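The structure under discussion appears below in the form of structure tokens.
The values are calculated or read from the model by the stated rules, or taken from the named source; none is laboratory data. Treat the numbers as computed from the prediction; the structure is a model and nothing was measured. Glycine also receives a Cβ, built like all others from the backbone with ideal geometry; neighbour counts cover every protein chain displayed.
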Amino acid sequence: MSARSENPPPPPPKKKKNKNPNALGDELIREIFLRLPSLPTLVRAALTCRGLLRAVRSSPAFRRRFRELHPPPILGVFLDIYDDDEVLPAFAPVRRRSDPDHAAAVRGIDVFLTRLPDDGERNYDDDDYYDYDYEEDNDGDEPGWSMSECRDGYAVLINWNTKQLAVYDPLTGALHLLPVPPDEIYKRRQVEFHVFSFEEDHGSFRVVCVSSDGLAAAVLSSDTSKWQIFPLNEDVGLQAEGGHYWPHTGTLVNGSVYRTFANGTNVFVLNITTLQCSQIDLPLCVSGTDSFKIGETKDGKLCLVYASELTLVVWVWRSGDDGINRWMRVKRFRLHNAISEIPQHCSDECLTLKVVGIIGGIVYLSTDSSDPRCWFLSFCLENEELNKLCCVTQSVHYYPYIMAWPNSFVHNKVNPLLEEA
């Protein structure tokens, strides 16, 4: 027998392992995705291939569940920095070195708002909407772009020189340039703008503008880019309340704008869907102060948080035993020990807390002292945990920037570029 015939036959070829994640099936993919730590990580994972993205965008139930488990993270905070009477928007990032996906999202933010046009440029979608002469109307005394609100991933900015309103997503670069409301709304320039987008359609939004006297509101839809003026109930106006609001006190919660009267005893409530307005009283101990904010708990209930030195007091709006809705005090948090563990830039014993806002049960705070530097903090009402976010320059107004769900994750029409992936 020849030596060749004595050799054993070659082993059968190894079966190739299927490394295609699509083979897992959408349900299993979604179960895996629910175990990811954050929205930035989900974005990175889902955009690796068309099948993974389809698993996310085809299931509203998955998206709701993911939001419940992993609320959208705060990426930073915009500040109003005053320089020679000019307001300059600045940005302080929230750094998480142990989370590369969060860091990548922060790096992607246009923190200098570079896509906003310079003064003198006018670029509306509808050039006939206003007959406006910049050189004639501009006296050079007004600042350029100033921040009005950050919500749902959008920054709302106003330029009184060019009479432009910008709704800008600095993470995706989506920019909407709009005209300011007609004169009857904004002529006193004591107005507030609020942006509202739909959870399952981030690309569509409404902008609500409320006049300084609370007697009129204007609403703009991104679908039409046209302002509609609505007179409000004069009985809920400000004639009996001092004639104006505390500046920048408006908060949009569950489809209603809540603004505080100047005398600090009542809150003006405007439902942006029905445009019905009303008033509610404030708790007695916060009347006449501006040391509180109105927001929402994690489960969407209307709440109020008041800061007294280093103590937070929380109220929730709910019905009592008599069935009448009122503010009910639910908790008092003494944060002296937690604050003492955060390094301070001064030895000021009069250190206090300022409530910046309440979003999804997270209270955003800043420390306040004689030092120009301060800490921007977050406090979770559910687990009672205080977190140090970033060191910032003290600002008159703070605008937390929360990451929004990408449009491509909720729209049913797949991007053609992803079809080729």
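Collect the residues in the range 76-104 that are over 21 Å from VAL356 (Cβ atoms) and modelled with pLDDT of 90 or more, keeping them in residue-number order.
Start the filter on the range 76-104 by keeping residues that are over 21 Å from VAL356 (Cβ atoms), which leaves 83-86, 97-101, 103-104.
Within the range 76-104, ASP99, PRO100, ASP101, ALA103, ALA104 meet the criteria.
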Residue count, the range 144-193 (criterion: among the acidic types (Asp, Glu) and either in contact with a Leu (Cβ under 6 Å, 6 or more places away or on another chain) or surrounded by fewer than 17 Cβ atoms within 10 Å (Cβ to Cβ) (or both)): 2
Hey, ARG65 hits all of (1) touching a Gly at 6+ places or on another chain (Cβ under 6 Å); (2) at pLDDT 95 or above but one; which does it fall short on? (1)
Which residues, taken from the range 370-398, are part of a loop (DSSP other than H, G, I, E, B) and either surrounded by 16 or more Cβ atoms within 10 Å (Cβ to Cβ) or of a type outside the set (A, V, I, L, M) (or both)? SER370, ASP371, PRO372, LEU381, GLU382, ASN383, GLU384, GLN394, SER395, HIS397
Among (1) crowded, with 19+ Cβ neighbours inside 10 Å; (2) among the polar types (S, T, N, Q); (3) free of Cβ contacts under 8 Å to residues at least 24 places away in the same chain, which single condition is THR367 missing? (3)
Give all pairs with beta carbons closer than 8 Å in which a residue from the range 244-257 that is farther than 15 Å from TRP317 by Cα meets a residue that is modelled with pLDDT under 65; count only pairs at least 6 apart in sequence or on separate chains. HIS244/LEU238; HIS244/ALA262; TYR245/LEU238; TYR245/ALA262; TRP246/ALA262
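Here is a check on your reading of the model: is LYS354 surrounded by fewer than 15 Cβ atoms within 10 Å (Cβ to Cβ) and either in a strand (DSSP E or B) or in contact with a strand residue (DSSP E or B) (Cβ under 6 Å, 6 or more places away or on another chain) (or both)? I'd like the intermediate steps shown before the answer.
On the way: surrounded by fewer than 15 Cβ atoms within 10 Å (Cβ to Cβ): no; either in a strand (DSSP E or B) or in contact with a strand residue (DSSP E or B) (Cβ under 6 Å, 6 or more places away or on another chain) (or both): yes.
When the stated conditions are applied, LYS354 does not pass them.
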Is it true that ASN254 is at pLDDT 60 or above and in contact with a Cys (Cβ under 8 Å, 6 or more places away or on another chain)? no
Given the conditions (1) in contact with a Cys (Cβ under 9 Å, 6 or more places away or on another chain); (2) crowded, with 16+ Cβ neighbours inside 10 Å, every one holds for ASN271 apart from (2)
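Test ASP119 against the stated conditions and say whether it is among the charged types (D, E, K, R), modelled with pLDDT under 90, more than 24 Å from the chain's Cα centre (by Cα) and surrounded by fewer than 14 Cβ atoms within 10 Å (Cβ to Cβ).
So ASP119 fails the test.
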